Each structure stands twice: as structure tokens, then as C-alpha cells.
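Everything on this sheet refers to the single structure shown next.
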Amino acid sequence: MTAPDDVRGAMLAAVPNLRAFAVSLCGDVDRANDLVQETLLRAWSHLESFEPGTNMSAWLFTILRNHFRTEYRKRRREVEDVDGGYAERLTSPEAQTGHIEFGELRKALLQLPPDQREALILVGASGFSYEEAAQICDCAVGTIKSRVNRARAKLAEILTIENVKEQEQESDTDKDVVTSRVA
Amino acid sequence: MPHVDSCENSQESQPSQEAHQEAQPSQETKHVNREKPRGRREKGQLSQDIQRRIGLQLRAMYTDVVNEGVPDRFADLLRRLDKQDKQ
């Protein structure tokens, strides 16, 4: 089958978001890149199932998400690199965000069950609506909402503990940075 | 995400009220008092604050990867697939 150039363009345009989704999901850049590659290959070989005029990005997200879930199930019995690669390999963002590191958030994200994690990322970071996220995850809108809520609550719990610990250890200067960033 | 937005908005509009209800105003009152885990109300405030920070950080972290653009391997891959198909 021949893909029209605009399909290739649309796939290419979706890559940065796909990678961000994949990195957030699996916590590892190399694995994320492999997920994206596999997603593009699958998408390319199933272009006939893409309905022209619909959201290419959502379609690719669905493929990536399903592939990740399959992989995840396969990997479950293996030793998981929960705290590993991700947090340590991507340390550069610190420079852009002052004192708030992403490392904590990444580790906390990886502690969430995958269904909550994916829901939170899709709605809270990728910018999909609850309806689109429900479609991508093949579940009801209400299910997505409750997963997002549970994910937020759990992250807050994890990060609050971290936060309190930090505050006990650090000076007020830190709070200034945090507060001004939030304000 | 309507409920989250409204949560953030109400947070936004009430810092002074919250500061007023601070059980133990301290020398840190000059900062907006959102970070201090004291009373139950304080904890609620803290968790709202954390929620907002989580939202910001999550998006920032995500955007960071988005901003890396399209690595060559993916552009190459699609070009290769395209070429194959056209042959």
C-alpha cells in the first residue's frame, strides 16, 4: 500500500508527542524510542485501518498504548527497572525548572498502576479530552475520570511525603523558589 | 478537566483567606502559606497546592521531551518505509 505524503507528514508530526507519552509511560528513553519505532512500523503496516479525516495522533497513541500494555504484561515477571534509567538519564531539565526536579515526579509516576498512569498523562499532559483518552484506552469516560483522580491523589500522597521531608531538611529559600514557581 | 480547573481556580482566589485562617501565623506569612502541614485545613490546602504543582511539573516534563523534536531515526524510518512502498 502506498501512503500519501500527508500521512507520512502527519505521522512525523506526531512523533514528538508520541515520544513524550512513551517516556512518561515507561520511564526510560531507550525503551520509549523502541516503543515509538514499533508504533510507527505497526501503524504503517495497518494504514488501511486508519480512517482518513480522524485524528492521526490519537490513532498512533492508541497503537503505542496497546503495544506498551502488551509489553508491560510480558515484562511483569522480569525485574522491573522502576527507579532506573529514566530518572537518572534525563537530568538536564533541572536547569530549566530551578529547584523542582522531575526525578521525583518520574519516580512517583512509575509507582502508579499503568492504567492510572496512562490516564493521567493523556489528560494531564498530552492534552487529550476525557473522551479522547477513553477512546485511546478503550474504556468508559467515567473510568478515565476516576483513574485520573486516583492518579492525582496517589501522586499527591507520594509527593507530599517527599515535600514534607524536604522542607524539614531545607531552608526557606527553597520555599521561595517553589512558591514563586507556583504563583 | 473541569473539576480540576475549578479546584485550581478556587485555590487561586483564596490565598488571603487561607492565610487568615492560618492557625499559627509565623514569620513565613510573607510567603503565601500553602506549604505548611499543620491543621487539617492546612493539609487540604497543601494537597491542593501539590495538585497544582503536579499538573505543572507533569506538563513541563512532557513538554521537555516534546521539545526534543523528531530524532533522525524516525524521520529516516518513515522515509525508508515510504521509499519501499513506492518501489
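The values are calculated or read from the model by the stated rules, or taken from the named source; none is laboratory data. Worth saying up front: this structure is predicted, and the values here are computed from it rather than measured. Note: ideal-geometry Cβ built from the backbone for every residue, glycine included; neighbour counts use all protein chains shown.
Considering every residue within the range A:117-138, establish whether at least one is crowded, with 22+ Cβ neighbours inside 10 Å, aromatic (Phe, Trp, Tyr) and modelled with pLDDT under 95. No, there is no match, as no residue in the range A:117-138 is crowded, with 22+ Cβ neighbours inside 10 Å, aromatic (Phe, Trp, Tyr) and modelled with pLDDT under 95.
Of the residues that make up the range A:65-78, is at least one assigned to a loop (DSSP other than H, G, I, E, B), on the phi < 0 side of the Ramachandran plot, at pLDDT below 80 and under 17 Å from the mean Cα position of the chain (by Cα)? No, the range A:65-78 contains no residue that is assigned to a loop (DSSP other than H, G, I, E, B), on the phi < 0 side of the Ramachandran plot, at pLDDT below 80 and under 17 Å from the mean Cα position of the chain (by Cα). For the range A:1-57, a tally of residues being over 17 Å from B:Val66 (Cα atoms), free of Cβ contacts under 8 Å to residues at least 12 places away in the same chain and of a type in the set (A, V, I, L, M, F, W, C) returns 1.
Pairing residues of the range A:114-141 that are over 15 Å from B:Ile54 (Cα atoms) and in the same structural domain as A:Lys74 (by TED's automatic domain parsing) with residues that are among the small types (Gly, Ala, Ser) and in a helix (DSSP H, G or I), at Cβ distances under 6 Å and at least 6 apart in sequence or on separate chains, gives no pairs at all.
Here is the figure for the range A:16-51: residues that are surrounded by fewer than 16 Cβ atoms within 10 Å (Cβ to Cβ) and of a type in the set (Phe, Trp, Tyr) total 0.
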